[in-house]
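Colleague: I'd like to ask some things about the structure below.
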Amino acid sequence: MTPYPLVKFGDVVRQVKDKVDPQTAGLERYVAGEHMDTDNLHIRRWGDVGAGYLGPAFHMRFQPGQILYGSRRTYLRKIAVADFEGITANTTYVIEPKDPEVLLPDFLPFVMSTERFHEHSIKQSKGSVNPYINFSDITWYEFPLPPVDEQRRIADLLWAADDTITEYTNAISSLEKLKVSYWQKVKLNDKYPLVRLKEITEIGTGSTPHRGTPSYWKDGTISWLPTQKVNEKIIRQADEFITEEAFNECSMKLFKANSILVALYGEGKTRGSVGYLTFDSCINQAFAAVKPTEKVDGWFLYHCLDNSYVELRGFSQGSSQKNLNAQLLGQFKIPLPEKNEQESISEMLNNFSGRISDISAHIQTLQILKKNLLTTLLTG
């Protein structure tokens, strides 16, 4: 247990209710819920006041250093520290310490980032469709409050971890921009002919054995992939397996490693997503497997399709629901350099992807460290 005394949130924190007219207050930016990211204390997006209709709920002014807390759907964990003056809706609480000499402003956002705080907010939320929490239901939340010097030490440590995560995140953003720029040069190079996929690949689709037949799934040894596996990008292992009985009776196909999987349809942003298959596997019917022939390098093909996400979605057809299919994919065109150039381009793009993946792994490690520090230092 923490040795620090417990205090009630409302005894040391206040809700700021600085109501203003956005059209006359001279404020340039507004922050809505969609501008705040889960588990991210920084505001990286905003809207411009006057650029469009701003609803009547937007009348709460915030100042640099104050905290914005999304009171709707608190399970989204939207807490951000403002670094500019602006306006927000009354459903986003503007919060600050009552006395900065008792509760440091730099320490407060981490108090609100603990699992205990989120659990309290979620539990006290009202409503089912769009749950919300009243500020009065936050005020009686209790947390341990260290002395100011200890608050400063803890805050410095946690902000240092946050700053490092931010630097890594910015590095990824820069690498992704460089990768896109490099690909655009390849894509727009006039010396590379555009060819249809059906001319340089073999395209097939999968299927799903009946889920209600246990003998098709129990103790299976043949890899089978559902559509969501495409989100892994580089698919290195299967989570589900079918039996030889299912393979034979359901006319399944085994697609070879080095094939590129394209999601033909699916919820949200799935359609048009691409994954690289590193092992032989069966796939479901929402996939197309694009197998490269000797004319095209597998990794080059992967990068071509992976960087054509927007174009692939635009290539979809359908009235009520737009989808891709094997025939449409066969008509899709990609640039085709000579084989040695394909391999050089692939190597460069793999280097970009590898570096991004390495930095992402560092970020995940730091996020775990930060979360553990929050738990250890703030809740005991």
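The values are calculated or read from the model by the stated rules, or taken from the named source; none is laboratory data. Please read all numbers here as calculations on a predicted model, not as lab measurements. Virtual Cβ from ideal backbone geometry, glycine too; neighbours counted across all protein chains shown.
Colleague: Return yes or no: is ALA171 within 20 Å of the chain's Cα centre (by Cα) and of a type in the set (A, V, I, L, M)?
Modeller: Values: within 20 Å of the chain's Cα centre (by Cα): yes; of a type in the set (A, V, I, L, M): yes.
Here the answer is yes, as ALA171 does meet what is asked.
Colleague: With the condition kept exactly as written, say whether any residue in segment 229-250 is touching a residue at least 24 places away in the same chain (Cβ under 8 Å), part of a loop (DSSP other than H, G, I, E, B) and of a type in the set (S, T, N, Q).
Modeller: Among the residues of segment 229-250, at least one is touching a residue at least 24 places away in the same chain (Cβ under 8 Å), part of a loop (DSSP other than H, G, I, E, B) and of a type in the set (S, T, N, Q), which makes the answer yes.
Colleague: If you scan segment 282-325, which residues turn out to be more than 22 Å from GLU232 (Cβ to Cβ), touching a residue at least 60 places away in the same chain (Cβ under 8 Å) and of a type in the set (A, V, I, L, M, F, W, C)?
Modeller: Result: VAL296, single match.
Colleague: Among the numbered criteria (1) crowded, with 16+ Cβ neighbours inside 10 Å; (2) modelled with pLDDT of 95 or more, which one does GLY65 miss?
Modeller: (1)
Colleague: Where residues in segment 287-297 are assigned to a loop (DSSP other than H, G, I, E, B) and of a type in the set (D, E, K, R), which of them is surrounded by the most Cβ atoms within 10 Å (Cβ to Cβ)? Let's see the steps before the verdict.
Modeller: As a first pass, look at segment 287-297 and keep what is assigned to a loop (DSSP other than H, G, I, E, B): 293-297.
Right, trim to of a type in the set (D, E, K, R) and you get 294-295, 297.
Details: GLU294: 7, LYS295: 13, ASP297: 22.
Going through the qualifying residues, I end up with ASP297.
Colleague: Further, regarding this structure: Among the numbered criteria (1) more than 25 Å from GLN63 (Cβ to Cβ); (2) modelled with pLDDT of 95 or more, which single criterion is violated by ASN130?
Modeller: For ASN130, the exception is condition (2).
Colleague: Another question, if that's okay. Looking only at segment 24-44, count how many residues are surrounded by fewer than 11 Cβ atoms within 10 Å (Cβ to Cβ) and either assigned to a loop (DSSP other than H, G, I, E, B) or at positive phi (or both).
Modeller: Step one: list which residues in segment 24-44 are surrounded by fewer than 11 Cβ atoms within 10 Å (Cβ to Cβ), which gives 24, 26, 34, 38.
Now drop any that are not either assigned to a loop (DSSP other than H, G, I, E, B) or at positive phi (or both), which leaves 24, 26, 38.
So the answer is 3.
Colleague: Same structure, new question: Give all pairs with beta carbons closer than 7 Å in which a residue from segment 346-363 that is aromatic (Phe, Trp, Tyr) meets a residue that is part of a helix (DSSP H, G or I) and buried (at least 16 other Cβ atoms within 10 Å of the Cβ); count only pairs at least 6 apart in sequence or on separate chains.
Modeller: Taking only residues 6 or more apart or on different chains, the pairs are PHE352/LEU175; PHE352/LYS179.
Colleague: All but one of (1) touching a residue at least 40 places away in the same chain (Cβ under 8 Å); (2) surrounded by 14 or more Cβ atoms within 10 Å (Cβ to Cβ) hold for PHE58; which doesn't?
Modeller: Tallying (1) touching a residue at least 40 places away in the same chain (Cβ under 8 Å); (2) surrounded by 14 or more Cβ atoms within 10 Å (Cβ to Cβ), PHE58 fails exactly one: (1).
Rundown of residues vs (1) surrounded by 14 or more Cβ atoms within 10 Å (Cβ to Cβ); (2) at positive phi; (3) of a type in the set (A, V, I, L, M), yes/no style:
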{"residue": "LEU264", "(1), (2), (3)": "yes, no, yes"}
{"residue": "TYR276", "(1), (2), (3)": "yes, no, no"}
{"residue": "GLY314", "(1), (2), (3)": "no, no, no"}
{"residue": "GLY318", "(1), (2), (3)": "no, yes, no"}
{"residue": "GLN364", "(1), (2), (3)": "no, no, no"}
{"residue": "LEU378", "(1), (2), (3)": "yes, no, yes"}
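Colleague: Checking the condition among the acidic types (Asp, Glu), without any contact (Cβ under 8 Å) to a residue 60 or more places away in the chain and within 23 Å of ASP18 (Cβ to Cβ), which residue from ASP99, ASP137 passes?
Modeller: Going through ASP99, ASP137 in turn, just one is among the acidic types (Asp, Glu), without any contact (Cβ under 8 Å) to a residue 60 or more places away in the chain and within 23 Å of ASP18 (Cβ to Cβ): ASP137.
Colleague: Are any residues in segment 256-286 in contact with a Ser or Thr (Cβ under 6 Å, 6 or more places away or on another chain) and not in a loop (DSSP other than H, G, I, E, B), and if so, which ones?
Modeller: ALA263, LEU277, SER281
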